[in-house]
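Before any comments, here is the structure.
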Amino acid sequence: MVQNLIVLALGVAGLTVAADRFVVGAAQVAARMRVSTVVTGALIIGFGTSAPELVVSTLAALTEGAEGTSLAMGNIVGSNIANLTLVLAIPVLAFGHVEIETGVKRQAGISAAGVMVFAFLLWRMDPSAWWGLLLLVLTLAAFRAVIWFGERFGGVPPPDTSEGPGPWIWTVVGLVGTVGFAYLVVWSATSIADDLGWTGGFVGFALVAVGTSLPELVTALAAARRRESGLIIGNLLGSNLFNSLMVGAAVFFANGATPFDEASRLPDVALLVMVLVSTVVILFMKTGKRIEKWEAVVLVAVYVGVLGWMAANFATV
């Protein structure tokens, strides 16, 4: 048990560093390609910070059977909820407030649509690679929509302060490191679940999701320190979009037609909370105001409440 906890901590720490290097490299590559800041926040950084969820969830579904698929689904749902509550709130509590820019409204709508499609498929449909194909097609459509909105609303390309092949090297090294440390996270998390009798869904929701959301948190804090509120919101919305569509597609492909383990899958209420959180945040962003500290406290309370409810009712079979 202690050994598994140590491996999990090392895996999460390594995953955070590797994903951060991947994000930095990807952002620098985007700067060289003259991609607007709107697209960088929602697409490049959002995709990069979703890399841990993609690798962890896919490996879990491929290597751990039904329990691994439950862990993967819990990871997606838990990450989506954590991003728009805990990860959004911490920069506000640390730096005072976060401005909501008008350019993120349509991105918020795209993100919520992706979350709702994933929740519906997980709630109502039997596992099938065909649903994975649908999510993959929607991922490509979302890519195009985010780029189109970025072009329409404009944005200034970030300055390229690097020279040589460094950004490309960091991008590759970060991706390889993400894959390696993700395997440690999957192995240790499933071992802890077995030791404690916890369900895969709860382990994914409570333990793995927080670990794989650390890149989003690190990125959000760095952006808040520089007063780049657009990058914070774009990062979190983009991450949730890719978690739901791209990561969801990968898990459906990896799981195939194998029935979900009903004893360890997520409760329907967790899916409903994910959709409600996404919807409420979007409606809030439409007001065009900024997020204050007291509102951040409410977001933290929502996350703690959902986590406590999950622990009390669905941690064990």
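The values are calculated or read from the model by the stated rules, or taken from the named source; none is laboratory data. As the structure is a prediction and not an experimental result, all values here were calculated from the model. Here the Cβ is made from the backbone with ideal geometry for all residues, glycine too, and neighbour counts use every protein chain on show.
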(request) Report, by residue number, each residue of region 182-205 that is hydroxyl-bearing (Ser, Thr, Tyr) and either in a loop (DSSP other than H, G, I, E, B) or modelled with pLDDT of 75 or more (or both). (result) Ser188, Ser191, Thr199
(message) Looking at Ala94, Ala89, Ala142 in this structure, which one is in contact with a Ser or Thr (Cβ under 9 Å, 6 or more places away or on another chain) and either modelled with pLDDT under 75 or part of a helix (DSSP H, G or I) (or both)?
(response) Ala142
(message) Anything in region 124-143 that is exposed (fewer than 13 other Cβ atoms within 10 Å of the Cβ) and in contact (Cβ under 8 Å) with a residue 24 or more places away in the chain? List them, or say none.
(response) Asp126
(message) Tell me whether region 42-49 contains one or more residues that are buried (at least 24 other Cβ atoms within 10 Å of the Cβ), over 16 Å from the mean Cα position of the chain (by Cα), modelled with pLDDT under 80 and over 19 Å from Tyr183 (Cα atoms).
(response) no
(request) Return the only residue of Val179, Val210 being modelled with pLDDT under 80, surrounded by fewer than 21 Cβ atoms within 10 Å (Cβ to Cβ) and within 12 Å of the chain's Cα centre (by Cα). (result) Val210
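Every residue, every condition in (1) within 19 Å of Ala112 (Cα to Cα); (2) part of a helix (DSSP H, G or I); (3) modelled with pLDDT under 80, yes or no:
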site	(1), (2), (3)
Glu216	yes, yes, yes
Ser239	yes, yes, no
Pro259	no, no, yes
Leu271	yes, yes, no
Val277	yes, yes, no
Phe284	yes, yes, yes
(request) Any residue in region 190-210 that's at positive phi: show its pairings with residues that are modelled with pLDDT under 80 and surrounded by fewer than 19 Cβ atoms within 10 Å (Cβ to Cβ) at Cβ separation under 8 Å, as long as the two are six or more apart or on different chains. (result) Gly197/Thr316; Gly197/Val317
(request) Could you tell me whether any residue of region 73-85 is within 18 Å of Ala220 (Cα to Cα) and not in a helix (DSSP H, G or I)? (result) no
